[in-house]
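Below is one structure, written out as structure tokens; the observations come after it.
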Amino acid sequence: MKSFLNKLGNPEKKMPPTIHIAGTNGKGSTLAFIRYIMQAAGYKVHAYTSPHLVNFNERIVIAGSYIDDNELYSLLEECRAVIAEQPITLFEAATIAAFLAFSRHKADITLVEVGMGGRLDATNVIDNPILTIITSIALDHTEYLGPTVETIAGEKAGIMKPNVPCVIAPQEKSVMNTLEHHAINKKSPLYRGGLEWNCKKRLSVIQTGIQKQKNERSRAGAQMIFQSAIQSIEFSLPSLKGDHQVINAGNAIAACSILSGKYGFDIGEEDITSGLQRTYWPARLEFIREGNLISLLPKNWQLFLDGAHNNDGARVLSQWVKDNFAEGIYVVFGVTRNRNVEEFLEHLKPYIKLLCAVCVKSEPKATNTNLIREKANNIGIKAVECESIGDAISNHILKASIQNIKTILICGSLFLARDFAMEDS
């Protein structure tokens, strides 16, 4: 990467001030929260994320808008000329194109999401970010990053830089210890969730008339509280659903407090409130309100789409189901190859009334439906094989007629979310 970028004039050194984000789960959501908060404060934001759901352009956001086809083509051609016959991955080429674009367009800040790991990731050519963030760490991509969460944490810590503050989401003790060890070695000051800051869901409080007179803005409406040594602020829950998004919102608020306190960005409480409420990040417990597939459903049915694809994501997802649909749900499920299907589904097993196994069409390395059905049956989940998401809904779920179960969850892979988008358009 450094060799290619050097031949292109080192665009990574010419980008607007950069925030570099790593982690197993929550990277994209945290980035999205920061992006919308910064935009609410009037700033222009570049952003680089992966994977895309439908269009490749989604990966590269220039000053708030997806890169257009002509510029993307020109940048990739520029990359191709420099790379010549040398081996390169799609992600590396996309990263080079993004950095070229960001170096040539004005913005106030650049948000960059790590592809995988951190230490050896293609994005880790950024030597002077103004801030790094490490979100929730769990077991994933163990064949590349190592067999334990501590080893994986060491890889994520690779984005830390000397004298650059690092926001860390709440972690298991052993993971936090590992990150602290790397931070000491790298001389990176930490802002740790659960220590220097906290962000928690707050139960509504029934107020008396006297309380309402004292505070016209009812505390009953404030469902999330961010606390640090210098502030305690209440917010409504963010637009993205699930208790885990409260933590991701906390990552973003913590980051913004550093941006305003250390770097002079003008980000007010009202900007945070507005940004958290406006944030859109597809396939994260997304409530589907319109489209071809929702039109198949009778009145009062609900359809949700989530990209959870690892064990920790399944754990978080099951908690959300328990909190909202403990009576049960239908699940449309597809995964990429080499995922532990039984481990993932074990979390959701108490709530699944029928599982519809589908093959992820937009991912060549997808697990076939027969294997998914067998694995589900092995742990006591009723499962059927389906040709598509539409087939699962029309020919299986709607014909199951399980009384009072009117909620469908599509999950297992972000690539399945891409299939959904293609079917639903």
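Computed values, structure above
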item: Identity of the residue in segment 298-317, within 19 Å of Ile402 (Cβ to Cβ), touching a residue at least 60 places away in the same chain (Cβ under 8 Å) and in a loop (DSSP other than H, G, I, E, B), that ends up most open to solvent (accessible area, probe 1.4 Å); result: Asn300
item: Residues of segment 107-123 that turn out to be in a loop (DSSP other than H, G, I, E, B) and under 13 Å from Thr18 (Cα atoms), as a count; result: 4
item: Unmet requirement for Asn251, which otherwise passes all of (1) at pLDDT 95 or above; (2) part of a loop (DSSP other than H, G, I, E, B); (3) open to solvent by less than 10 Å² (accessible area, probe 1.4 Å); result: (2)
item: Elements of type helices (runs of 4 or more DSSP H) contained in segment 1-101, each with 3 or more residues being over 18 Å from Ala255 (Cα atoms) and open to solvent by less than 20 Å² (accessible area, probe 1.4 Å); result: 69-83
item: Residue identified as open to solvent by 30 Å² or more (accessible area, probe 1.4 Å) and under 23 Å from Glu143 (Cα atoms) among Asn395, Asn404, Asn340; result: Asn340
item: Hits in segment 361-412 (condition: of a type in the set (S, T, N, Q), touching a residue at least 40 places away in the same chain (Cβ under 8 Å) and not in a helix (DSSP H, G or I)); result: Ser362, Asn404, Thr407
item: Residue match in segment 318-329 (condition: of a type in the set (A, V, I, L, M, F, W, C), touching an Asp or Glu at 6+ places or on another chain (Cβ under 7 Å) and in a strand (DSSP E or B)); result: no
item: Which numbered condition Trp301 fails, given (1) within 30 Å of Ile225 (Cα to Cα); (2) at pLDDT 95 or above; (3) of a type in the set (A, V, I, L, M, F, W, C); result: (1)
item: So Ser260, is it of a type in the set (Ser, Thr, Tyr), in contact with a Leu (Cβ under 8 Å, 6 or more places away or on another chain) and more than 26 Å from Phe420 (Cα to Cα); result: no
item: Among (1) farther than 30 Å from Gly264 by Cβ; (2) crowded, with 19+ Cβ neighbours inside 10 Å - the single one Ile109 does not satisfy; result: (1)
item: Considering residues of segment 271-297 that are over 19 Å from Gly64 (Cβ atoms) and part of a helix (DSSP H, G or I) only, the residue modelled with the highest pLDDT; result: Thr273
item: Residue check, Phe33 among the aromatic types (Phe, Trp, Tyr) and over 30 Å from Pro170 (Cβ atoms); result: no
item: The lone exception for Ile126 - which of (1) part of a helix (DSSP H, G or I); (2) touching a Ser or Thr at 6+ places or on another chain (Cβ under 9 Å) it fails; result: (1)
item: Options Thr95, Thr123, Thr89: the member that is in the same structural domain as Pro11 (by the TED database) and touching a helix residue (DSSP H, G or I) at 6+ places or on another chain (Cβ under 7 Å); result: Thr123
item: Residue among Pro282, Pro238 that alone is farther than 21 Å from Arg202 by Cα and either open to solvent by less than 40 Å² (accessible area, probe 1.4 Å) or not hydroxyl-bearing (Ser, Thr, Tyr) (or both); result: Pro282
item: Subset of segment 349-372 that is of a type in the set (S, T, N, Q) and within 14 Å of Gly412 (Cα to Cα) - its residue that is surrounded by the fewest Cβ atoms within 10 Å (Cβ to Cβ); result: Asn368
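To keep it simple, each residue is scored yes or no on (1) outside the structural domain of Asn311 (by the TED database); (2) surrounded by fewer than 19 Cβ atoms within 10 Å (Cβ to Cβ); (3) free of Cβ contacts under 8 Å to residues at least 12 places away in the same chain; (4) part of a helix (DSSP H, G or I).
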{"residue": "Leu139", "(1), (2), (3), (4)": "yes, yes, no, no"}
{"residue": "Tyr144", "(1), (2), (3), (4)": "yes, yes, no, yes"}
{"residue": "Pro147", "(1), (2), (3), (4)": "yes, yes, yes, no"}
{"residue": "Glu150", "(1), (2), (3), (4)": "yes, yes, no, yes"}
{"residue": "Gly154", "(1), (2), (3), (4)": "yes, no, no, yes"}
{"residue": "Lys161", "(1), (2), (3), (4)": "yes, no, no, no"}
{"residue": "Met176", "(1), (2), (3), (4)": "yes, no, no, yes"}
{"residue": "Ile184", "(1), (2), (3), (4)": "yes, yes, yes, yes"}
{"residue": "Cys199", "(1), (2), (3), (4)": "yes, no, no, no"}
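The values are calculated or read from the model by the stated rules, or taken from the named source; none is laboratory data. From a predicted model like this one, the values you see are computed outputs, not experimental measurements. Here the Cβ is made from the backbone with ideal geometry for all residues, glycine too, and neighbour counts use every protein chain on show. All accessible areas refer to the heavy atoms of the entire protein, side chains included, with ligands and DNA or RNA removed. Shrake-Rupley method; radii C 1.70, N 1.55, O 1.52, S 1.80 Å.
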